[in-house]
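Below you'll find the structure, written out as structure tokens, and then a few comments.
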Amino acid sequence: MVKFTLLTGRSLTQGVGKEAGKFSEKYIQEVSTCQIDPEDLKLLNVKPGDCVRLTTEYGSVVLRAAASTSVHRGSVYIPYGPYANILIGTKTGGTGMPNFKGIPVEVEPAPGESVPDIKELLVKTYGRVK
């Protein structure tokens, strides 16, 4: 297990996928993948496409790892979506908005695990799909 800093935000592919629908393959593929620096993937002994478990003080989720050319060492990037929401929590510090960046996250290989189905994830987390 290695400690990183979690960053979330919008991505072009996420936006295009969202236009096709939040249950479209393009959207789900993008929001269920975390971007990690290639050197950090080596540190984790993980290859692109492998599953990793990310854990913050708010929750834990398994995602696919991807090598990034824009995320710097020590950081993990996840596009906004239901998977990222599990990790960012609901605390707002009085601002009305949760903290989407700079969240401590532990990342570890998750051999034998798979990314949860988005509908199952929503039911488990929120009690419903919508």
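Annotations
- Just one residue in the set TYR58, TYR77 is hydroxyl-bearing (Ser, Thr, Tyr), within 17 Å of PHE4 (Cα to Cα) and within 11 Å of the chain's Cα centre (by Cα); that residue is TYR77.
- Subset of region 1-11 that is open to solvent by 50 Å² or more (accessible area, probe 1.4 Å) and modelled with pLDDT of 90 or more - its residue that is nearest to PRO109 (Cα to Cα): LYS3
- Among residues that are over 14 Å from the mean Cα position of the chain (by Cα) and touching a residue at least 40 places away in the same chain (Cβ under 8 Å), PRO111 is included.
- Count of residues meeting criterion [under 15 Å from VAL115 (Cβ atoms) and hydroxyl-bearing (Ser, Thr, Tyr)] in region 11-43: 3
The values are calculated or read from the model by the stated rules, or taken from the named source; none is laboratory data. Remember, predicted model here, so these are calculated numbers, not experimental data. Heads up, the Cβs are rebuilt from the backbone with ideal geometry, glycines too, and the neighbour counts pull from every protein chain shown. The accessibility values were calculated without ligands, DNA or RNA, using every heavy atom of the protein model including side chains. Shrake-Rupley method; radii C 1.70, N 1.55, O 1.52, S 1.80 Å.
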